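Taking it in order: structure first as structure tokens, then the write-up.
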Amino acid sequence: MSLFEDTQIVAAEEIACGKLLTAFETSHNRDLVNSSDEELVLDDAGAGLSAVCHSARAVWAHFVCEELERHFSYDSATGEINKKVFFFTLVDIGCARSLNEHKVDLRPIARKLRKGLRGYNFIGVIEPGLYSHINAEAKSPCGSSCVSWHMHVLLWGISRKRAKRLVKRLNKSKKYIPLWPGQDGVFQRQVRKGEFPQALGYILKPAKSAYRLGRRRESTDAKPSFIQYRSKLRPGERLTLYLQMRHLSLPETWIAGGKGSALLGMVKRRSRAAMRRFERSPVSAGSGDRRRSVVRCSSLLSIIRAAETRKPIL
């Protein structure tokens, strides 16, 4: 077994892709997509590493896992790695956007979210979270619904004590303001023994949940207290998130710092090289037949994995 297989990301991508294709046909806002959207999602050649292309996401995950497997000396038998790794989430209310803003510029969001991690080793992703039916008292910047662009990263090279101090300092700085009062904009937890595949799989995963906020009946210190509810994405919600990401590429959504920058650079180069090789291969010429009923692992990923049994991909 490899780290890529242990994350179970292929199964997650296939399920999400099938549900997205269903949403294209059944959601109330299906008039916002057309046949070109289906072609983008199902493009066997990676669609230029589109963030919504099934084959691109699978291949990107493959190379992310390979680079991190080597860097952390991942042991597939035990799930152990040779470094302490921390799972960080960073949120800021200023990075929330309207549901109708379909071409969000991630550059200012990335600058905002990554600023507090300057000088640290990390790699991760900026992704959208769909918040609906937000209580007006939560003072969301986008009314009753919004998309919160937030960052998940794996960070290493520091002790547990330093990780806690970092989170405390960032929250105290008030530069990461959560969507609702009583929460923190930054939080972390150490990736425990054997949990590395699950932590990485969470970062690689396609969206599957929507969130809403509710006010607790009882609160402390006479201050309003809120609770976050999670539910599975409905077809219309899934399509909303697709429209938010349709214009983005995977290199635009992924972010790194310190030693993570070199790892991310290798992922980009290897993914692009794999697409070029696939376009030159005889398999790509006959890849137009797609079965909607069963979404399978991409032809591009199959070619890569077959090649690796013969020689390493550089």
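The values are calculated or read from the model by the stated rules, or taken from the named source; none is laboratory data. Since we're looking at a predicted model, the values are computed, not measured. As a convention, Cβ positions derive from the backbone with ideal geometry for all residues, glycine included, and neighbour counts pool all protein chains shown. Keep in mind that these areas ignore ligands, DNA and RNA; they rest on the heavy atoms of the full protein, side chains included. Shrake-Rupley method; radii C 1.70, N 1.55, O 1.52, S 1.80 Å.
Here are the numbers:
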| read-out | value |
| --- | --- |
| Aspartates and glutamates whose Cα lies under 12 Å from that of LYS168, excluding same-chain neighbours fewer than 8 positions away | ASP184 |
| Within the accessible area of the range 1-106 (1.4 Å probe), percent carbon and sulfur | 49 percent |
| Where labels lie 7 Å past Cα in the beta-carbon direction, separation of GLU101 and SER73 in nm | 4.5 nm |
| Alpha-carbon radius of gyration plus Dmax, which is the widest Cα pair, for the range 11-97 in Å | 17.6, 50 |
| 25 Å Cα-Cα reach of LYS232 towards lysines, excluding residues that sit fewer than 8 places from it in its own chain | LYS19, LYS103, LYS139, LYS205, LYS208 |
| Cleavage-rule hits, chymotrypsin sites (Phe, Trp or Tyr not before Pro), the range 9-78, DSSP coil, Cβ neighbours within 10 Å at most 13 | none |
| Accessible area per residue, Å², the range 40-96 with all protein chains present, probe 1.4 Å | 28 Å² |
| Set of lysines near LYS164 by C-alpha distance (under 21 Å), chain-local residues within fewer than 8 positions excluded | LYS83, LYS84, LYS112, LYS115, LYS172, LYS174, LYS175, LYS193, LYS259 |
| Two-site FRET efficiency, SER173 against THR26, from Cβ-Cβ distance with R₀ of 41 Å, rounded to 0.05 | 0.35 |
